[in-house]
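Inspection log for the structure reproduced underneath, given as structure tokens.
The values are calculated or read from the model by the stated rules, or taken from the named source; none is laboratory data. Model, not experiment: these values are computed from the prediction. A quick note on method: Cβ atoms are made from the backbone with ideal geometry, for glycine too, and the neighbour counts reach across all protein chains shown. The accessibility values were calculated without ligands, DNA or RNA, using every heavy atom of the protein model including side chains. Shrake-Rupley method; radii C 1.70, N 1.55, O 1.52, S 1.80 Å.
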Amino acid sequence: MALTLDARALLDPARADAAALAQAQQAVEQAARALKAGALVGLPTETVYGLAADADQAQAVGRIFDAKGRPKDHPLIVHLAGASAAQWRAGVAHYARELPDFAAQLMQAFWPGPLTLILPRRLEVGAASAGGQDSIGLRCPAHPVAQALLQACFGLGVQGLAAPSANRFGRVSPTSAAHVRDEFARLPDDELLILDGGPCPVGIESTIVDCSRGRPVLLRPGMIGVEALQAAIGQPVALRDQAAPKASGTLESHYAPSARVRLLPQAEMQAALDLLGADARQIAIYTRTPVSSASRHLLLRYMPTQADACAQELFAVLRELDQPGIQLIWVETPPADADWDGVRDRLQRAAA
Ligand code: TXA
Ligand code: MG
């Protein structure tokens with residue numbers, strides 16, 4: 001069973017109790033030593049939890065692919081320490097062979113934060129993390145526990161942490177330490193140590209922009225929207241085309257619970273419930289607009305009306321609704337507004 005260490009005191013060090021803070025700091029140092037020794041760490045970030053390894057140790061990175069059951073040619077994101085812009089710039093220079101101006105502007109505007117940039121890779125580093133691509137995905141996360149761990153790793157000579165979302169391949173991403181434990185319950189504690197950094201505040205994965213093709217291309221929508229990206233660089237961001245490299249998060253079917261997810265307008269949901277009457281069962285519902293039913297066997301959750309609040313709880317709700325006995329999860333189609341792009345994308349993939 002993987003070992004979980006509490007690092008939540010680092011979320012607000014000024015208000016934490018001294019003993020809890022010392023314990024969290026020790027947990028982070030223990031995790032850094034484990035990573036240096038080639039083990040895996042469940043890493044809290046502001047988006048989702050990652051399954052981390054030293055990005056420059058091919059064997060350790062190989063363990064991530066094995067644990068997830070992820071195809072070896074699906075590239076991982078490398079996370080960088082960012083106590084200052086100078087520190088993440090040094091990290092970028094270690095992994096990337098080129099840095100277009102628009103990519104530097106995006107980093108300046110959104111790092112540390114939920115944005116991943118794909119850059120041409122320095123071919124002598126990070127081949128395993130990059131899944132053999134000649135590019136590399138880089139991100140400087142904002143989460144205090146992630147940054148504390150990246151700093152401790154940096155002190156041990158670890159330049160970056162390769163970390164995909166800490167779920168088995170194709171499944172719902174984890175947004176709490178307990179989700180990570182559930183995903184990898186079979187791994188022994190000398191192979192996986194989990195840092196508990198509390199629930200992830202953003203809740204869906206980072207926005208990914210490919211900066212390796214001369215112009216910015218959006219590979220995966222997230223909570224940093226296209227308009228904000230364009231405003232920061234003063235040029236258009238293209239939407240992903242077919243020539244884009246493989247990205248697990250961009251496979252049409254992904255983030256899928258065991259129950260079947262269907263997106264439908266509330267009126268259609270209501271009509272189906274009226275038809276089923278008291279017999280409606282084995283159905284979970286996630287809706288903004290209220291529904292009524294004669295059945296007492298429905299599992300009902302209300303969806304927040306704000307996109308950021310919905311993103312924050314989305315994966316936890318999908319896990320909660322995906323319980324034994326539930327065969328269908330009906331989700332009210334999210335609004336068409338741009339701030340729902342990330343949530344809509346994840347729900348469409350869960351339903352594919
Ligand atoms: O928010 C996030 O990005 C989280 C946290 C842990 O940082 N990580 C995450 O990793 O979502 P993962 O592996 O589940 O998704 C990473 C995505 C994949 O779709 C992968 O294919 C893409 O990034 N990616 C990474 N490197 C790439 C590259 N060189 N070229 C194209 N896509 C790349
Ligand atoms: Mg993933």
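The figures follow:
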| quantity | calculated |
| --- | --- |
| Area projected by the alpha carbon convex hull of the chain, averaged over all directions, nm² | 17.8 |
| Residue with peak Gaussian network fluctuation, the chain [Cα springs, cutoff 10 Å], from LEU321, LEU35, LEU187 | LEU187 |
| Amide H contacts under 5 Å for ILE136, placed H, 5+ residues apart | LEU119, ARG121 |
| Trypsin sites (Lys or Arg not before Pro) within region 253-339, DSSP loop, no more than 16 other Cβ atoms inside 10 Å | ARG281, ARG288, ARG296 |
| Segments 95-103, 265-273 sorted - mean Cβ within 10 Å per residue, highest first | 95-103, 265-273 |
| Residue-span extension gain [ASP339 to SER258] - 0.36 nm each, minus C-alpha spacing | 26.4 nm |
| Candidates per trypsin sites (Lys or Arg not before Pro) in region 15-67, loop by DSSP, up to 14 other Cβ within 10 Å | ARG15 |
| Of THR45, THR333, THR289, the one that fluctuates the most in a GNM where the chain has Cα springs shorter than 10 Å | THR289 |
| Rough spin-label spacing in nm, given labels placed 7 Å along Cα→Cβ, for ARG168 and ASP182 | 1.3 |
| Between region 81-150 and region 171-245, the alpha-carbon center distance in angstrom | 13 |
| Label-to-label distance, nm, for residues given as ARG15 and LEU239 (7 Å Cα→Cβ offset) | 4.1 |
| Structure-based [θ]222 nm, the chain - -39500 (n - 2.57) summed over DSSP H runs of at least 4, per residue, nearest 500 | -10000 deg cm²/dmol |
| Using a Förster distance of 56 Å, the FRET efficiency for ASP279-GLN23 (Cβ separation, nearest 0.05) | 0.60 |
| Heavy-atom accessible surface of region 44-137: percent carbon and sulfur, 1.4 Å | 52 |
| Carbon plus sulfur fraction of accessible area for region 247-352, probe 1.4 Å, in percent | 50 |
| Full-extension gain in nm, GLU98 to THR305, via 0.36 nm per residue minus C-alpha separation | 70.4 nm |
| Accessible solvent surface per residue of the chain, calculated while the other protein chains remain in place, 1.4 angstrom probe, Å² | 41 |
| Top of ALA162, ALA109, ALA16 by mean-square fluctuation, Gaussian network on the chain, Cα under 10 Å | ALA16 |
